[in-house]
Amino acid sequence: MAIPFELPVSSAGMLAAVACVVAGGPLFAGGLRAWRQRRLLAGLPAASLVEGRTGFVRATGIVALESPLFSPLSQRPCAAYRLDVLAFDGSVRGRVGQSRNFRLVSGDVEALVAAQDGAWTMPVTAEREVSAGEKISANMAALLDADVTLRWLRDRRAPMRIVERSVEAGSHVQVLGWAGAQDFSEAAFAEVLAATGTDGAAMVDAPAPVQGPSLRIAAADPLDLRVIATGELDPAYLAPQAWRELGALLGPLLSLAGLMYLAHAARATLGGRL
């Protein structure tokens, strides 16, 4: 396809064209993912899990802990917590937190939520104001020192406000993600021990693995894992903004424009040498 008007060929123009070709791919992928996310979230009703049913879910249930974790301020067992720290003058702020996998008890079904890499929407469970020069516990100091900004704030002995958000054990939550079956083998297995200096071999029976939750909920394209513990939050609120879908159209157009310019530049360069 020829360009219907004359374009000047320059090194800067060719570099810009190459940049357009390269940027078009990620722009298209991001727009397509946003389109898929918006339509998927709009069609996910909140419901209890069903045994053996897999796919994208918006599951409701109760948090049961897989391993012990305690929130730093309220000192209650939780699946995740986050500390939002703000200097009194508003000049510096930071955030630290921790999360663990947990079991979602949904009706008669349990699912293991692989939530360490998920996004959490958590309610405020405790607050504390630290005055200038006030000493804090060694555990709290270690948590704040994990963030460079908060370490600097603490070294200055500046007054700060700490807000704790957490998902406590027994909380009612919504989990958005991909539900898939977990593979648990209930049959005992035998290990053959090679004989040394004898003709036979010994068979050792091992105990069967412990049965766990039948389902596992994790992230899967195009939906990131979400754990929502702040009541009935419309999942459409979590969807990307509608304008991001334009990338699915603008990405190919941008790449096409870059390729057309490069083709035009190649013809102009080769034509000048003939």
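The modelled label-to-label distance between Ser48 and Gln241, using points 7 Å beyond Cα along the C-beta direction, is 4.0 nm. When the Cα atoms of the range 37-192 are aligned to their principal axes, the ranges along those axes come out at 59, 51, 24 Å in descending order. Note on Ala29 and Thr149: the extension gain reaches 39.8 nm, defined as 0.36 nm multiplied by sequence separation minus the Cα-Cα distance.
Just subtract the alpha-carbon distance of Val18 and Leu65 from 0.36 nm times their residue separation and send over the number in nm, one decimal.
Values: separation 47, 0.36 × 47 = 16.92 nm, distance 5.12 nm.
11.8 nm is the gain from fully extending Val18 to Leu65.
Using packing as a proxy for protection, rank 49-57, 258-266 so that the peptide with the highest average count of other Cβ atoms within 10 Å comes first. Don't skip to the end; give the middle numbers.
Working: 49-57: 15.0, 258-266: 16.8.
In descending order of packing, they fall as 258-266, 49-57.
Label separation (Ser10 vs Ala141): 6.0 nm, computed from points 7 Å beyond Cα along the C-beta direction. Placing unit charges on each Cβ (+1 for Lys and Arg, -1 for Asp and Glu) gives the range 108-176 a dipole about its Cα centre, and among Trp120, Ala146, Ala158 the Cα reaching farthest toward its positive end belongs to Ala158. Along the charge dipole of the range 1-113, pointing to its positive end and built from +1/-1 on Cβ of Lys, Arg, Asp and Glu, which listed residue (Gly24, Ala12, Ser91) has its Cα farthest out? Highest projection toward the positive end goes to Ser91. With the simple spin-label model, which puts each label point 7 Å out from Cα in the Cβ direction, the Val163 to Met260 separation comes to 4.9 nm. Per residue, the average separation of C-alpha pairs within less than 8 Å and at least 6 apart gives the range 12-171 a relative contact order of 26 percent. Its Cα centre serving as origin, the range 49-135 has a Cβ charge dipole (Lys and Arg +1, Asp and Glu -1) of approximately 80 debye.
Throughout, read-outs are computed from the coordinates displayed, never taken from laboratory work. Not measured: the values here are computed from a predicted model. Positions of Cβ are generated from backbone atoms using ideal geometry, with glycine treated the same way; all protein chains shown enter the neighbour counts.
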